[in-house]
Structures are given as structure tokens and as C-alpha cells.
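Shown next, in C-alpha cells, is the structure this report addresses.
The values are calculated or read from the model by the stated rules, or taken from the named source; none is laboratory data. Treat the numbers as computed from the prediction; the structure is a model and nothing was measured. So basically every Cβ, Gly included, is an ideal-geometry build from the backbone, and we count neighbours across all protein chains shown. Side chains included, ligands, DNA and RNA excluded: accessible areas come from the protein's heavy atoms. Shrake-Rupley method; radii C 1.70, N 1.55, O 1.52, S 1.80 Å.
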Amino acid sequence: MRLLRRKGEATLDDRLAALAEAADLAEGRLDQAVVDRARDVVARAGVRRSLSVDHTAVALAGATGSGKSSLFNALSETELAPVGVTRPTTSKAQAALWGADGSGPLLDWLDIPLRHTVGERPGEDSGLILLDLPDHDSIELSHRLEVDRLVAVVDLLVWVLDPQKYADAAVHERYLQPLARHRDVMLVVLNQIDRLPERAVKRCLDDLSRLLEADGLHDIPVIGVSAKTGQGLPELRAALDRQVSRRAAWASRLAADAGTAADALLATSGGTAPAPENAPAMPGVLGKPLSKALSQAVAVPLVVEAVAKAHRHRAVAATGWPVTRWLRKLRPDPLRRLRTRVRSELPIGASVQLPAVETALREVGAAASAGVPEPWASAVRHAARSRAGELADALDRTVTTTSLGASRPPRWWRMAGTLQWLLAGAMAVGALWLLALFALGYLMLPRPPTPTLGQAPWPTVLLIGGAVAGLIVALLSRLVAWIGGGRRARKAAKVLRAGIERVGEELVIAPAGEELARYARFVDRVTSAR
């Protein structure tokens with residue numbers, strides 16, 4: 001059943017649904033007792049809505065000697081409740097009914113075995129169920145437990161106080177203050193006013209109203225009555241008739257229960273702090289610092305430096321002067337020195353610096369939970385670390401499997417290498433030519449004419465020119481290799497950090513963001529429930 005509501009107000013269905021979802025979201029984060037009480041309210045509402053809504057269960061509650069039973073008899077015009085000097089006189093709640101048809105399941109749910117149909121007075125709406133409760137301050141524990149049980153479920157509460165104990169802290173602190181949201185379904189009766197001088201009645205009523213204001217019960221009806229003389233009873237009956245005729249006290253009670261349970265959830269969650277507005281921007285805000293920290297933890301700078309050195313080492317080995325190139329091959333390859341894989345040429349089992357990872361996780365958790373009240377902040381920090389066990393392996397796998405292109409030699413290496421071999425061949429031709437000329441001269445044999453380039457013979461040009469040109473090509477190749485190594489290192493750093501950033505976002509930022517989204521949803525739902 002969906003109740004009619006004023007424009008802009010949430011329906012009872014909406015509030016209960018919001019409370020149920022808020023309790024589910026708070027599971028494992030907030031005090032379990034508070035979460036269970038919220039769920040009890042939702043469950044109780046479901047049961048009460050399925051029972052008679054044409055009946056209003058009204059409980060007379062009060063302390064020993066307040067005259068509850070006398071007032072019960074006066075309102076029902078019976079002698080159902082025992083009245084006497086011996087205390088307590090009421091040990092089990094009993095009901096007086098006006099219009100009993102259809103009330104059975106409701107009374108069964110309330111667990112009221114003593115039921116009395118007293119008829120229906122002319123001019124009154126049927127549907128009133130008046131309950132006489134035991135004393136809330138009874139020396140019998142079972143009596144107090146019975147009061148607590150029924151106070152939590154009846155539709156309307158009438159607190160019967162007396163001039164001597166109306167300021168008793170027991171009733172104000174234990175019942176009235178926690179029920180501050182229930183002022184629409186509560187009446188307060190100052191009974192036994194016949195014992196007061198006439199001029200003192202108003203003073204006591206005003207003082208009681210002041211105490212109720214301090215309890216948070218603003219504008220709650222306070223009625224002075226005397227069950228003995230009948231003074232104030234017509235006013236009390238009229239107030240009860242108005243509530244019963246509305247047929248909505250049960251819904252107002254459930255709405256107040258939902259609000260109280262939502263208040264408790266919110267208080268346990270640290271107050272009314274709003275959800276952080278930067279939660280959707282977390283990957284951008286925290287991703288870069290986290291990626292930087294994790295990159296340091298897995299020694300990405302060392303890997304990037306090795307990529308640059310390896311590129312230059314291989315470039316020199318491929319394009320250097322053939323006369324001295326073999327010396328370069330005696331040096332170990334920087335990446336192979338890091339025990340690279342043949343496939344990706346990256347370090348196998350990169351050493352993850354766990355203390356650095358722990359520090360990074362703590363910093364992300366602290367940044368993500370900033371402005372979030374406890375214990376939700378603790379849940380956010382825990383979420384940021386929830387997959388820490390997977391992080392080291394994921395980082396290691398990212399570093400060791402990311403292809404950086406370090407094994408692909410640039411085309412100019414082959415061209416420069418070919419040119420170096422051609423120059424080396426020219427040197428060899430020039431050297432052999434000069435050696436042949438020297439041998440002919442040594443043997444005093446006639447030498448063939450030697451072509452020249454200007455004044456220089458060609459054998460000398462080939463030998464010296466090939467050597468000088470080879471050195472120049474080697475130096476230029478080294479310079480280009482140095483520039484290329486820097487460029488390849490930057491590309492490697494970009495690829496590695498992108499992979500590490502994805503790991504950080506998936507295993508650290510995403511869980512923290514999900515917890516923040518859960519908190520934001522909780523705040524929204526608990527606010528709706530209130």
C-alpha cells in the first residue's frame with residue numbers, strides 16, 4: 001500500500017526502500033546492531049502494512065503509580081484493569097476494543113492474549129485498540145521487557161505521567177528522548193491533577209511542556225486529566241478519536257521508525273558529511289602519483305635506462321668501424337645483463353620494492369578517504385589495499401611482458417653497416433694494392449702505372465680515405481644512436497607507465513572508488529529514509 005503524500009514528500013514505500021538499501025550498503029561497515037535494527041524496522045513495516053489498517057493500537061504507558069490502569073478503566077468505562085495498592089498491579093498487557101472485526105491478526109502480532117470488546121460508543125469511529133501496559137519501571141524484568149516490546153510496535157503512544165514523577169529521568173532519557181521523531185504519534189497525559197491545587201495545574205503542565213521541548217518533542221499535545229474525577233477525559237477522548245479516524249497513525253509510526261533508524265545509521269557513520277565530489281575524478285587525481293610511485297617500486301627508471309643503453313650499444317655494434325667493432329661485442333648487453341627475455345627483452349621477475357608499494361597504497365587510501373567520516377574512511381582505505389596481494393605479481397607481469405620494441409633494429413643500422421663494410425672493403429683494396437706495389441719494388445720488378453686522384457695515388461686514397469670515412473660514419477652513427485636511444489627510452493617509459501597505471505587503477509583506485517560510490521549511495525539513501 002502506497003500512502004498519499006504531499007507534493008515533494010517521499011512516500012512511506014520510498015523511505016522504507018531507501019532504509020533497506022542503506023542497511024545493505026552499511027553491512028560490514030557500520031555497527032551491526034544498528035544495521036540490524038534498521039532491517040528490523042523494514043521487516044516490521046512489511047508485517048504491519050499487511051495487517052488491519054482500520055485499527056489503531058494505542059498503548060497507555062507509564063511508571064508505577066501513574067494511574068494507567070485507572071485511566072484505562074475510565075476510557076473504556078469498564079473495570080477491566082485491576083487497581084490497587086499492591087504494585088505492580090498490571091503484569092500483562094490487555095486490550096479493550098471498539099470494533100473488533102478484523103483485529104485478530106493485528107492483536108496476534110502484538111501478542112496480546114487478553115482482549116475485551118467494549119463496543120462502540122455513539123459518535124465515535126470504530127477501530128480503537130486501547131492497551132494497558134505494565135509499568136516501565138517495574139521491579140519485574142519481564143514487565144519492563146514487555147513494555148519495551150510494545151512501545152516499539154504500537155501505532156500510538158500515550159504516556160501517562162503523574163505530578164510526583166513527571167520529571168523522572170527514567171522516562172525522559174529511556175523513552176521520550178529516543179522517540180523525538182514520534183511526536184505525531186504520541187500524546188502526553190498528566191494524570192491525577194485532582195491532587196493538585198487548581199493554580200498549580202497550569203504550572204505543572206507548563207513545566208512538563210518545557211521538559212518535553214528539551215527532549216526534542218516540540219508541540220506535542222499535553223493533556224491534564226483525572227481518571228478519578230473525569231476532568232480532561234473528554235479532551236483526551238477527542239484527541240484519540242482524531243487519530244483513530246485518520247486511519248494513518250500506523251503509517252506515521254512506521255515513517256517515524258524509519259527516520260529514527262536512518263538517524264542511527266547516519267550517527268554511526270560519523271555524521272552528515274557529504275560524499276566527496278571528486279570521486280569520479282579519482283583516476284585522474286590519484287592515478288598519476290600512484291603510477292609514479294609504483295613505477296619507482298618496480299624500478300621502471302632502471303629498465304628505461306637499460307633500454308636506452310641497449311639501443312646505443314647495439315647501434316654501435318651494428319654501425320661502428322669494422323676495425324674496432326669487435327671490441328663492442330665484448331661488452332655485455334645492458335638488457336641481457338638484467339636477464340631479459342628473448343621475446344620482450346625485459347627483466348624476468350622484476351624486483352618489486354614492497355615497502356614502496358605499501359607506502360603508495362597508504363597514500364592513495366589517505367587521499368581517497370579525505371573528507372569521509374569514520375568508519376567509512378577506514379573502509380575506503382581498506383578497499384585501496386584489498387587487492388594488494390595481487391599487485392606485486394601484476395606489476396611484475398606488466399614489466400616483464402610489455403613489448404617495448406627494443407628488439408627491432410632501425411633500418412638505418414643496416415644501411416650504415418653496409419656503408420661501413422664498403423668503406424672497409426675500399427681500405428682493404430687500397431692496402432692490398434699498396435702491398436702489391438711494395439712487393440714489385442722490393443723484387444725490382446717493373447711496376448704498372450698507378451692512377452692518381454690529383455696528386456694522390458688511388459691505393460693511398462682508398463686506404464686512408466676508407467679509414468677516415470669509416471671513422472666519420474662511426475662517429476655520426478654514434479651520435480644518431482645516442483639521440484635514438486633517448487627517444488626509444490621515452491617511448492619505453494610511456495608504454496611501461498601506461499601499463500602500470502592500468503594496474504594501479506584496476507587494483508587500487510577502482511576498489512577505493514567503488515567504496516566511495518557505495519558511501520555516496522549510502523548517504524543518498526539514508527537521507528531519503530530520514
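Okay, here's what the table says:
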{"item": "Rounded percent of accessible protein surface that carbon and sulfur make up, region 141-278, 1.4 Å probe", "result": "51"}
{"item": "Table column - 3J(HN,Hα) (Hz), region 255-269, Karplus curve with 6.51, -1.76, 1.60, x for Gly and Pro", "result": "5, 5, 4, 4, x, 5, 5, 5, 4, 5, 4, 5, 5, 5, 7"}
{"item": "Straight-distance crosslink candidates among aspartates and glutamates, where the alpha carbon sits under 19 Å from Lys292 and sequence neighbours closer than 8 are dropped", "result": "Glu305, Glu358, Glu363, Glu390, Asp393, Asp396, Glu501, Glu505, Glu506"}
{"item": "Region 131-232: mean projected area of Cα convex hull, nm²", "result": "6.5"}
{"item": "Karplus-derived 3J(HN,Hα), 6.51/-1.76/1.60, for each residue of region 182-191, Hz, glycine and proline x", "result": "9, 5, 6, 10, 9, 10, 10, 10, 9, 7"}
{"item": "Using distinct alpha-carbon pairs, which all enter the 1/r mean, Kirkwood radius of region 441-530 in Å", "result": "20.7"}
{"item": "Separation of the Leu435 and Glu27 label points, Cα + 7 Å toward Cβ, nm", "result": "8.9"}
{"item": "Order of exposure, largest accessible area first, which applies to Glu140, Glu79, Glu363 with probe 1.4 Å", "result": "Glu79, Glu363, Glu140"}
{"item": "Spin-label pair Ser142/Glu358, simplified geometry with 7 Å Cα→Cβ offset, distance in nm", "result": "5.8"}
{"item": "Cross-link reach list, aspartates and glutamates versus Lys228, counting only Cα pairs under 18 Å and skipping chain neighbours closer than eight places", "result": "Glu77, Glu79, Asp132, Asp162, Asp194, Glu198"}
{"item": "Region 395-482: proportion of alpha-carbon pairs further apart than 20 angstrom, %", "result": "56"}
{"item": "FRET efficiency for Thr527 and Asp40, using Cβ-Cβ distance with R0 set to 22 Å, rounded to 0.05", "result": "0.60"}
{"item": "Region 493-530-region 208-238 distance, computed between alpha-carbon centres (Å)", "result": "53"}
{"item": "Over region 391-518, relative contact order from alpha-carbon pairs under 8 Å, at least 6 apart, %", "result": "38"}
{"item": "Under-5 Å amide H pairs with Gly65, H placed in peptide plane, nonlocal only", "result": "none"}
{"item": "Karplus (6.51, -1.76, 1.60) ³J(HN,Hα), θ = phi - 60°, over region 102-118, in Hz, Gly and Pro reported as x", "result": "x, 8, x, x, 5, 5, 5, 5, 6, 6, 10, x, 8, 10, 9, 7, 10"}
{"item": "Inter-label distance for Asp13 and Glu235, nm, one decimal - labels placed 7 Å from Cα along Cα-to-Cβ", "result": "4.1"}
{"item": "Segment Arg387-Glu374, length gained on full extension (0.36 nm per residue, minus Cα span)", "result": "2.5 nm"}
{"item": "Solvent accessible area, Å² - Asp108, 1.4 Å probe, full protein context", "result": "100"}
{"item": "Nearest-10 value in Å² for the accessible area of Lys309, using the 1.4 Å probe", "result": "90"}
{"item": "Modelled label reach - Arg247, point 7 Å along Cα→Cβ, region 42-60 residues with backbone N closer than 15 Å", "result": "49-57"}
{"item": "Part-to-part distance (alpha-carbon centres) for region 37-84 and region 429-475, which is given in Å", "result": "124"}
{"item": "Heavy-atom accessible surface of region 430-528: percent carbon and sulfur, 1.4 Å", "result": "69"}
{"item": "Residue-normalised accessible area of region 115-260, given per residue in Å² at a 1.4 Å probe", "result": "44"}
{"item": "5 angstrom amide H check on Gln94, placed H, neighbours 5+ away", "result": "Asp132"}
{"item": "Ranking by accessible area, most exposed first, for Trp376, Trp482, Trp413 with a 1.4 Å probe", "result": "Trp482, Trp413, Trp376"}
